[in-house]
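Student: Let me begin by handing over the structure; questions about it come next.
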Amino acid sequence: MRNLFAGVLVCALLHTPSAEAHLSYGTYRIDESGTRAVRLFALAISQRQPLVVSVISDDFMPRLYLVSPDKRVWSEANATNGRASITIDDAVPGEWYVAVRPVDVQSAGEFALTVEPAGGPVPLGPALSSDAKAALTALRRRSGAEERIGLDVGNSRGLQGPGVDAPPDGGDHVAAPSAEPGAKALSPLLPWPPPEPSARMVVPRMLLANPATLGDVDDRLRAALRVAGYDDLGYFAVPNGFAAVTRLERIEPTGEPVADASRWQMTVPADPSFSLFDYLRALLTAQTGHFRVIAFVVTPTPFTGSPGEVDAVSARRWASTGRNALPPPMRSQVFTADYSVTALVYEFSKIRGERSVHYDLPGDLSATTHLEASGILAALQN
Amino acid sequence: MIWFGGFFLIAFIMVLQQAMNYYGRDAEMAWAWLLPNMVPTLSLMVGVLVAAQRSRPHKRETVDRSFYRLTLTISLIYLFLMLFTLLVQPLSPVEPLALMEGSRLYLTPFQGLATGMLGAFFISRDEDDDEEDDKSNESKPTPQK
């Protein structure tokens with residue numbers, strides 16, 4: 001079985017009034033048969049902005065082409081890590097075209113394509129125009145692989161992504177391998193491997209009540225999280241499994257969630273105190289707020305944390321950008337002995353006088369303390 | 001003296017706050033609120049006072065009393081608003097830097113008024129003879145006050 005490349009990609013849901021729903025992320029396939037040796041996508045940019053187009057593949061070394069509305073062509077190939085990326089500092093509005101093919105025209109396999117705007121969502125166009133065909137001709141001449149190019153222009157309807165139904169004609173969406181049923185219906189956890197957490201722990205299997213399927217695990221986790229006050233979860237795909245992510249919450253230094261409504265806010269509220277001493281202390285000393293996000297990763301694949309800091313603003317959106325529930329095909333997947341459930345805790349802190357929130361690595365508390373203080377561990381034990 | 005006193009009071013509080021890491025890594029942004037709001041006016045005053053002292057070291061100068069009072073009142077209001085923005089931070093639901101940023105809405109008009117009044121105050125001085133000093137000072141305060 002070919003390796004399924006990990007979806008180390010941002011999933012941003014993009015909509016345009018003139019098109020079906022589109023994402024800036026999608027997984028596709030170059031076929032061995034040669035009928036889809038190059039994949040072409042139309043990309044409608046509605047406003048001037050920086051733009052990053054990336055392709056990554058475990059199956060072949062990709063070459064990426066980008067054609068601007070004024071027919072300028074960028075190309076990028078990377079023969080070392082299977083990733084090619086083009087950055088346009090100032091992408092002008094108009095219809096752009098993105099093409100992907102293997103450096104070695106005999107290669108085939110899957111790849112992921114992303115369009116990452118720096119300044120907001122990029123609406124993706126649904127169809128190719130005659131200009132696209134002209135751009136395609138130019139690409140064919142430049143690629144030197146005309147005999148291998150078998151563009152399916154009619155299917156190039158923009159980037160289709162997980163969580164959105166494929167276009168009626170089957171489009172460019174590629175089904176996930178059978179080893180990961182249902183995976184295509186979830187957005188991949190960003191990034192994978194997940195960022196190095198502030199703290200982590202493997203949840204003992206005995207706390208999961210002998211689940212038979214991933215759906216049982218999901219039910220168990222969701223019930224425990226609901227008891228602990230976490231009603232809003234975001235589901236993401238991980239290799240052969242899923243991740244359930246809680247909303248970013250404000251916590252006490254000891255790990256307990258704050259009791260008032262500010263629990264779900266990313267601010268440090270003023271301390272309501274009226275004594276002179278408390279006032280002076282609040283005026284002159286730093287008040288620190290603590291925040292956290294907990295991700296439960298259910299996968300048989302061992303993983304390590306990828307280096308790098310987690311942006312609190314992005315982490316805050318994890319729960320809202322993930323799926324609201326586990327897709328049925330994944331729910332029926334058997335929870336074998338190889339599976340483990342790992343709790344990843346991402347801890348942040350912010351001084352009230354500061355504007356930004358900082359990622360705490362390592363965190364002040366252990367993962368066990370976090371799960372105990374949040375009430376999740378007790379709910380699982382019951 | 002009011003302006004210099006107000007500036008040093010506010011700056012002193014902010015120095016204490018910075019020493020206690022009140023603004024964390026964003027202390028620079030807090031000072032970027034204070035300095036543009038006060039230093040231009042203070043520089044204007046220092047420049048005018050030094051120039052006046054050098055050109056006519058032994059002359060006494062007077063201004064109209066009502067003009068002086070108006071300038072004083074606007075200056076006091078402005079300095080009060082500056083101090084208020086700082087002192088209300090522990091009580092406000094708005095975070096300190098956001099509060100400072102928002103304060104520009106009400107500080108800017110008063111800063112313009114105060115600076116304008118001070119400029120007019122300094123150029124509207126009348127010179128008095130030394131012999132008439134005692135009599136004049138009873139009804140017209142000197143700008144140094």
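Student: Would you rank A:K350, A:K71 by solvent-accessible area, highest first, keeping every protein chain in place and using a 1.4 Å probe?
Tutor: Of A:K350, A:K71, the descending order of accessible area is A:K71, A:K350.
Student: Moving on to the next point. Where does each of B:88-97, A:241-250, A:331-340 land if you order them by average Cβ count within 10 Å, highest first?
Tutor: The packing order, highest mean first, is A:241-250, B:88-97, A:331-340.
Student: Percent of accessible area on the stretch B:1-106 owned by carbon and sulfur, 1.4 Å probe?
Tutor: Of the solvent-accessible surface of the stretch B:1-106, carbon and sulfur hold 70 percent.
Student: Which of the trypsin sites (Lys or Arg not before Pro) across the stretch B:1-90 are loop residues per DSSP, with 14 or fewer other Cβ within 10 Å?
Tutor: Answer in residue order: B:K59.
Student: Only protein chains counted, 1.4 angstrom probe. Which residues of the stretch B:1-23 are at least 10 Å² less accessible in the assembly than when their chain is isolated?
Tutor: In the stretch B:1-23, residues shielded by partner chains: B:I13, B:L16, B:Q17, B:M20, B:N21, B:Y22, B:Y23.
Student: Taking R0 as 56 Å, what's the FRET efficiency between B:F84 and A:T87 from their Cβ-Cβ distance, rounded to 0.05?
Tutor: Efficiency at R0 = 56 Å is approximately 0.75.
Student: Follow-up. With θ set to phi - 60° and the Karplus curve 6.51 cos²θ - 1.76 cosθ + 1.60, what are the ³J(HN,Hα) couplings of the stretch A:376-382 in order, to the nearest whole Hz, using x for Gly and Pro?
Tutor: For the stretch A:376-382, the Karplus-derived couplings read 5, 5, 5, 5, 5, 5, 8 Hz, x marking Gly and Pro.
Student: Another one. In sequence order, what are the phi-derived ³J(HN,Hα) couplings for the stretch B:86-97 according to the Karplus relation 6.51 cos²θ - 1.76 cosθ + 1.60 with θ = phi - 60°, rounded to whole Hz, with x for glycine and proline?
Tutor: Listing the rounded values in order: 7, 6, 7, 3, x, 9, 8, x, 7, 5, x, 5 Hz.
Student: Across the stretch A:86-95, in residue order, what do the Karplus-derived ³J(HN,Hα) couplings come to in whole Hz, using 6.51 cos²θ - 1.76 cosθ + 1.60 with θ = phi - 60° and x for Gly and Pro?
Tutor: 10, 10, 10, 5, 9, 6, 7, x, x, 9
Student: What figure in square angstrom, to the nearest 10, would you give for the accessible area of B:I13 with a 1.4 Å probe?
Tutor: 20
The values are calculated or read from the model by the stated rules, or taken from the named source; none is laboratory data. What you see is a predicted model, and the numbers here were worked out from it, not measured in a lab. Note: ideal-geometry Cβ built from the backbone for every residue, glycine included; neighbour counts use all protein chains shown. SASA here: full protein model, heavy atoms, side chains in, ligands and nucleic acids out. Shrake-Rupley method; radii C 1.70, N 1.55, O 1.52, S 1.80 Å.
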